[in-house]
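Okay, so here's the structure we're looking at.
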Amino acid sequence: MASKSILIENAQLRHRPAGELVALHILDGRIAALEPKLKAKAEITLDAAGNLVTESFVNPHLHLDKVYTLDRMDELALQSYQAAGMGKAMNAIELASRVKADYDESWILQNVRKALDLAAKNGNTHIRGFADVDSKANLIGVKALIKAREEYKGRVDVQVVAFPQDGVAREPGTEELIRESMKLGADVVGGIPWIEFTEADAQQHVNAMFAIAKEFDKPISMLVDDAGDAGLRTLEMMALSVIRQGWQGRALAHHARAMDLYPKPYLQKVIALLKQAQMFVVTDPQTGPLHARVKELLEEGAFVCLGQDDISDAYYPYGQNNMLEVAFLASHLLWMTSAAEMDILYDMITTGAAKAIGLKDFEIKVGAPANLVVLDAPNVREALRYHRPPVQVISHGALLEG
């Protein structure tokens, strides 16, 4: 996508006093200047009218191959996942896997396009998208997501995760399918070790996925401890593997819902490991009744961000790839309602989420890539209150139309 020069005037930036407006000049896809007043010439001039201009939004966790599949099945998986203190989460995954019996690249791609069009509208310019890889899905979802990634390049960047949703030890042949996915061009090695039946199998799962990540020199994303069982320990397994393999800054843990039940001494140990591993935790409190203990993680200096997780699938009936909506919901669910906490939530859908998926220089500064949104709100509180789509979205230096 060709990028024209852009001048944004009368922009309110975060962390600047209200009314202290600036202008931003975007040239060759990057922020070329940022001053109170600029006389630069540009092919496109936008007036922010005193409203917020911020980094665009980042969704580090979306099961992109399964968006809009709820209508293809009953609600049994949804009910199992969200009920009984998440004690039946494994059963929910088994129920949800039925949709893969009808997997076809054509309808998956159609659904993915719908979700990515919404992402562009809502200023969500970067997504880490998961595709199930197993004996039922085979490589169908991965191939669909790779096609979508190329189609939307420059508008919405998609990192394709090859995800062994139904396990590795319990699904023979999946390890080789993940390897084939990486050869096809997947960007990230996935994992879900807690789904295995034994601790030894869970460790085998972690070891196998880290071996593939090292073989292809790729980052890794694992769903860990996603059930109401305080005895689950795959977050710890993952963090230890990151440290031992030297994969610091290249590993992302998702969910970790069992953390909600951890005793305090064990939580402190896990947080120490997370910090040593330089590992972000993605939490999606809106999609399940348990969630990572965000406030305690933040208080101890650990890294946390927010994800959409699902859009109208077997686990969650809503979602529109709107990270402001996700932050709005999280503000209630996590009781983060002070001005300082709202700012943290905003970081968790922008700069923090960007770091979590390995994006560099994802901030408003001279020389940085121009991934920006112009909102219709003057501050973070109002942006969260209404969580409306941005007035303008700039992705990779280009103004998105429509």
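Laboratory data are not the source of any read-out in this text; all were calculated from the coordinates shown. The structure displayed is predicted, hence computed values, not measured ones. Using ideal geometry, Cβ is built from the backbone for each residue, glycine included, and neighbour counts are taken over all protein chains shown.
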Considering LEU384, LEU359, LEU329, which residue is part of a loop (DSSP other than H, G, I, E, B), in contact (Cβ under 8 Å) with a residue 12 or more places away in the chain and surrounded by fewer than 24 Cβ atoms within 10 Å (Cβ to Cβ)? LEU359
Across (1) in a helix (DSSP H, G or I); (2) over 12 Å from the mean Cα position of the chain (by Cα); (3) of a type outside the set (A, V, I, L, M), PRO317 clears everything bar (1)
Are any residues in region 7-43 within 32 Å of the chain's Cα centre (by Cα), under 20 Å from LEU399 (Cβ atoms) and of a type outside the set (A, V, I, L, M), and if so, which ones? GLU9, ASN10, GLN12, HIS25, ASP28, GLY29, ARG30
Only one of these is surrounded by 24 or more Cβ atoms within 10 Å (Cβ to Cβ), touching a residue at least 40 places away in the same chain (Cβ under 8 Å) and in contact with a Ser or Thr (Cβ under 8 Å, 6 or more places away or on another chain): VAL168, VAL224, VAL189. Name it. VAL168
Would you pick out the residues in region 47-74 that are over 26 Å from GLU105 (Cβ atoms) and in contact (Cβ under 8 Å) with a residue 40 or more places away in the chain? ALA48, GLY50, ASN51, LEU52, VAL53, THR54, GLU55, SER56, PHE57, VAL58
The correct count of residues that are hydrophobic (A, V, I, L, M, F, W, C) and in a loop (DSSP other than H, G, I, E, B) in region 169-216 is 4
Considering residues that are among the acidic types (Asp, Glu) and under 29 Å from LYS153 (Cβ atoms), the number found within region 17-46 is 2
